[in-house]
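To start, the structure under review is shown below, and the notes come after it.
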Amino acid sequence: MTGVDNSEFEAARARMVELLIEQDRVTDPAVIDALQTVPRHKFVPEQHRASAYTDRPLPIGDEQTISAPHMVAIMTELLDLSPGQTVLEIGTGRGYHAAVVAELVGGENVYTVEYSAELASRARERFSELEYDISVRIGDGRDGWPEQAPFQASYLTCAPASLPEAIPEQVVSGGRIVAPIGRGSQTLYRYIKQDDGSLKRDSHGSVRFVPLR
Ligand code: SAH
């Protein structure tokens with residue numbers, strides 16, 4: 001990649017973030033910084049690079065999509081992260097969202113589970129190229145990542161019919177979980193784990209994610 005290309009991508013990224021701020025999609029300065037830092041064009045397939053900084057989902061192969069930047073922004077804000085907190089992601093995809101989260105908490109604190117071995121291996125390549133120390137496990141996200149639990153926060157980038165039990169079990173009390181829930185029509189929920197282990201949830205509108213496989 002030439003320097004010219006890179007500065008064009010940087011300018012496009014800065015415009016995209018400006019737009020998200022104008023549209024009130026993102027307000028937390030740390031999340032804004034993260035969106036400004038992560039090179040989304042490196043996480044999308046070559047043929048979609050020119051669209052990397054338009055605010056829409058893009059195909060990433062295997063019938064999966066990388067979420068639109070505003071959705072990554074909204075979900076990341078809802079997680080309410082601070083540096084050093086540990087985070088579990090279900091649905092690595094190409095790894096863009098995990099990289100945004102890594103900017104907030106540190107890559108060594110991000111654990112992500114991906115069903116597709118091919119997508120997981122592409123994400124791993126990207127993480128190592130860009131020096132994100134993010135851990136990827138190939139498997140069924142329904143199980144979470146028990147060996148690394150507990151986490152301060154978790155989120156799903158694919159939609160289950162209902163929240164898999166392992167996720168709240170692996171989150172600390174006071175921890176946040178953000179997930180699209182439903183088959184067909186989906187709602188984005190944020191759950192907060194209470195001291196007695198129960199979950200309080202609030203709704204953040206209708207969304208469209210690929211189904212959890
Ligand atoms: N956040 C990603 C996009 C994720 S798309 C990015 O930024 O690129 C949703 C992902 O969830 C897909 O990669 C899909 O393979 C994965 N997925 C679907 N069902 C899953 C399951 N049961 N366990 C783990 N990952 C799953």
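Couple of notes before you dig in:
- With the whole protein complex present, Ser173 retains an accessible surface near 60 Å², based on a 1.4 Å probe.
- Accessible surface calculations at 1.4 Å, restricted to protein heavy atoms, place the chain at 46 Å² per residue.
- Local electrostatic count at Thr187 - Lys and Arg +1, Asp and Glu -1, tallied over other residues with Cβ under 12 Å: +3
- Here Leu130 and Leu19 are evaluated by their C-beta separation; at R0 = 35 Å the FRET efficiency comes out at 0.90.
- Note on the chain: dipole from Cβ charges, positive end direction compared against Pro211, Gly84, Tyr189; the farthest Cα belongs to Pro211.
- Residue-by-residue Karplus 3J(HN,Hα) for region 171-181, coefficients 6.51, -1.76, 1.60, Hz, glycine and proline x: 10, 5, 6, x, x, 10, 10, 10, 8, x, 10
- By definition, a body whose alpha carbon gyration tensor gives a ≥ b ≥ c is oblate when a/c is 1.5 or more and a/b is not larger than b/c, and region 1-67 fits this oblate description.
- Cleavage-rule hits, GluC sites (Glu not before Pro), region 97-146, DSSP coil, Cβ neighbours within 10 Å at most 11: Glu131
- Angle between the chain longest axis and helix 96-105 axis [Cα atoms, degrees, rounded to 10]: 70
- Taking Lys and Arg as +1 and Asp and Glu as -1, the other residues whose beta-carbon sits under 11 Å from that of Val38 total +2.
- Spatial offset of region 139-213 relative to region 82-116 amounts to 14 Å, using the alpha carbon center of each.
- The ellipsoid equivalent to the alpha-carbon distribution of region 59-213 has semi-axes of 21, 18, 14 angstrom, derived from the gyration tensor eigenvalues as √(5λ) and listed largest first.
- Comparing Arg176, Arg15, Arg40 in a Gaussian network model of the chain where C-alpha atoms under 10 Å apart are linked, the largest mean-square fluctuation is found at Arg15.
- Of all DSSP beta bridges in the chain, antiparallel share, percent nearest 5: 50
- Heavy-atom SASA rank of Lys200, Lys42 (probe 1.4 Å, accessible area, largest first): Lys200, Lys42
- The apolar share of the surface of region 20-147, taken as the fraction of accessible area on carbon and sulfur atoms (1.4 Å probe, ligands and nucleic acids excluded), comes to 44 percent.
- Part-to-part distance (alpha-carbon centres) for region 34-55 and region 56-79, which is given in Å: 11
- Between the Cα long axis of helix 117-129 and the first principal axis of the chain there is an angle of about 60°, rounded to the nearest 10.
- Build a GNM of the chain with springs between Cα atoms under 10 Å apart, and of Ala34, Ala52, Ala161 the one that fluctuates most is Ala161.
- Computed over protein heavy atoms with a 1.4 Å probe, the carbon and sulfur contribution to the accessible area of region 148-203 reaches 43%.
- 222 nm mean residue ellipticity, helices alone, for the chain (DSSP H n ≥ 4; -39,500 (n - 2.57); rounded to 500): -9500 deg cm²/dmol
The values are calculated or read from the model by the stated rules, or taken from the named source; none is laboratory data. Bear in mind the structure is a predicted one, so any value in this text is a computation, not a measurement. Cβ coordinates were reconstructed from backbone atoms using ideal geometry, including for glycine residues, and neighbour counts include every protein chain displayed. SASA here: full protein model, heavy atoms, side chains in, ligands and nucleic acids out. Shrake-Rupley method; radii C 1.70, N 1.55, O 1.52, S 1.80 Å.
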